[in-house]
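The structure appears right after this line, and notes come after that.
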Amino acid sequence: MSKILIIGACGQLGTELTLKLRTLKGDDNVLATDLRSEPVKFIGDGPYEQLDIMHPSRFNELIDNYGIKEVYHLAAVLSAKSEQDPRFAWKLNMESLLTVLEAGKDQLEKIYWPSSIAVFGPDTPKVNTPQNTVMNPNTIYGISKQAGERWCEYYFEKYGVDVRSLRYPGLIGHKAMAGGGTTDYAVDIFHKAIAEEKYECFLSRDAMLPMMHMDDAVKATIGLMETPAENVRIRSSYNLAATSFTPAVITSEIRKHYPDFEIEYAPDFRQKIADSWPDSVDDSAARQDWGWHHQYDLKELVEKMITGLKESIVFN
Ligand code: NAD
Ligand code: AKB
């Protein structure tokens, strides 16, 4: 069993991916790391170490000490936060990836690094966006993800590093809050609905975006990582899709459970970011190459979020 290290294990995706990997591979085989001195709850009982990935020597020390062979590198500054400090976002998103890719040359067997629908920009075809098309991202986050994809493919071609990647849509799960992105509204809205409070949405009612339940994102990530290397034809990053909706559409679905739920629209700078991203994405390459299929459409996603949040309130 290859030992796994997760960078950014306490974030929105890391929380759920760490728990799932520990369930599948055994607690002791999955080392969770993040900036915090102590882990968040929900990630299970395996080993945890504090790691700032901007300190490569500490990363290399953990690889040696734990005999790590696979790394899931999830740390990044997301789209909205990146616009507040573009140079810091570029530095973290790029330097950390290069640190991990370098370790892939002779220490690691496999690397996972997430990209995003943010690699696309205002010139990209908006509906059913193809795998290969005009990109021209105009956010610093999107620029860093596009550059990251080029680095991944380069390290695969030039050094044979087995790095794999997915272009996630907005991810929606109940175990952790979203971490500074443009799609965060689709997580926040559930917390307000459950609390029976009004939600002030920072996107407009018609902002259509691709979205995915966290369970599907975790399934896709592990599915891609477990695919035989020869079937992973795309070494930049795979388009990945499940469903698409607007704030108005998800509100209608939530109202099937909370008929009195109220929403008010107050679009801010994140609306422009949302406008530059696709409405929907063509992920047929992922479906063909490694058998990806999603489970949650809008109705199931809303049911699962409401049930999950209610349960976590009961258990806390
Ligand atoms: P997040 O912000 O919730 O979590 C990131 C984690 O990284 C945090 O726990 C943070 O403490 C940690 N981190 C930050 N700087 C670090 C550093 N210097 N060293 C070590 N750890 C550090 O983000 P997320 O939503 O979990 O996203 C994970 C990855 O998935 C990111 O690469 C993101 O771009 C990508 N992604 C996420 C979404 C989404 O909707 N959540 C969509 C597309 C792509
Ligand atoms: C964000 O909104 O920044 C992320 C993403 C889609 O990459 N959720």
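The values are calculated or read from the model by the stated rules, or taken from the named source; none is laboratory data. Everything quoted here is computed from the prediction, not taken from an experiment. A quick note on method: Cβ atoms are made from the backbone with ideal geometry, for glycine too, and the neighbour counts reach across all protein chains shown. Just the protein is used for accessible areas: all its heavy atoms, side chains included, with ligands, DNA and RNA removed. Shrake-Rupley method; radii C 1.70, N 1.55, O 1.52, S 1.80 Å.
Odds and ends about this structure:
- Length gained when the stretch Gln288-Met1 is fully extended (0.36 nm per residue, less Cα-Cα span): 100.6 nm
- Simple spin-label estimate for Glu230 and Lys272 gives 5.0 nm between the two label positions (7 Å along the Cα-to-Cβ direction from each Cα).
- Against the chain, whose longest principal axis is taken from its Cα atoms, helix 56-66 shows a tilt of about 70°.
- Sparse packing (at most 16 other Cβ atoms within 10 Å of the Cβ) combined with a DSSP loop state is found for the following chymotrypsin sites (Phe, Trp or Tyr not before Pro) in segment 1-102: Phe42.
- Residue (of Pro137, Leu5, Phe156) at the positive-pole extreme of segment 1-157, dipole from beta-carbon charges: Pro137
- Solvent-accessible surface of segment 43-139, taken per residue with a 1.4 Å probe and all protein chains present: 45 Å².
- Residues in segment 209-227 that a label on Glu109 would reach, taking backbone N under 18 Å of a point 7 Å out along Cα→Cβ: 222-227
- Taking the DSSP bridge list for the chain and keeping only pairs wholly inside it, about 10 percent are antiparallel.
- Projected area averaged over orientations for the chain, convex hull of C-alpha atoms, nm²: 15.1 nm²
- Fluctuation leader among Thr124, Thr182, Thr227 - the chain, Gaussian network, Cα springs under 10 angstrom: Thr227
- Where trypsin sites (Lys or Arg not before Pro) fall in DSSP loop in segment 37-95, at most 15 other Cβ within 10 Å: Lys41
- Solvent-accessible area, 1.4 Å probe, carbon plus sulfur percent, for the chain: 49 percent
- Reach of Lys272 by Cα under 25 Å, taken over lysines that are not fewer than 8 positions away in the same chain: Lys81, Lys91, Lys126, Lys145, Lys192, Lys198
- Estimated inter-spin distance, Arg205 and Glu264, nm [label 7 Å along Cα→Cβ]: 1.5 nm
- Residue-by-residue Karplus 3J(HN,Hα) for segment 30-44, coefficients 6.51, -1.76, 1.60, Hz, glycine and proline x: 10, 8, 8, 9, 6, 5, 5, 6, 10, x, 7, 6, 5, 8, x
- Coordinate range of the alpha-carbon atoms in segment 209-316 per principal axis, descending: 52, 38, 22 Å.
- The H on the amide N of Glu262, modeled in the peptide plane, is under 5 Å from the matching H of Tyr199, each at least 5 residues off or on a different chain.
- Label-reachable residues, segment 146-180, where backbone N falls under 17 Å from a point 7 Å from Phe88's Cα toward its Cβ: 179-180
- Sites counted here are GluC sites (Glu not before Pro) in a DSSP loop (not H, G, I, E or B) having no more than 15 other Cβ atoms within 10 Å; the longest part of the chain that contains none of them is 1-108.
- From phi via Karplus (6.51, -1.76, 1.60), per-residue ³J(HN,Hα) for segment 297-307 in Hz, x at Gly/Pro: 8, 3, 4, 5, 4, 5, 4, 5, 5, 5, 4
- Largest mean-square fluctuation among Met225, Met177, Met212, in a Gaussian network model of the chain whose springs join Cα atoms under 10 Å apart, belongs to Met177.
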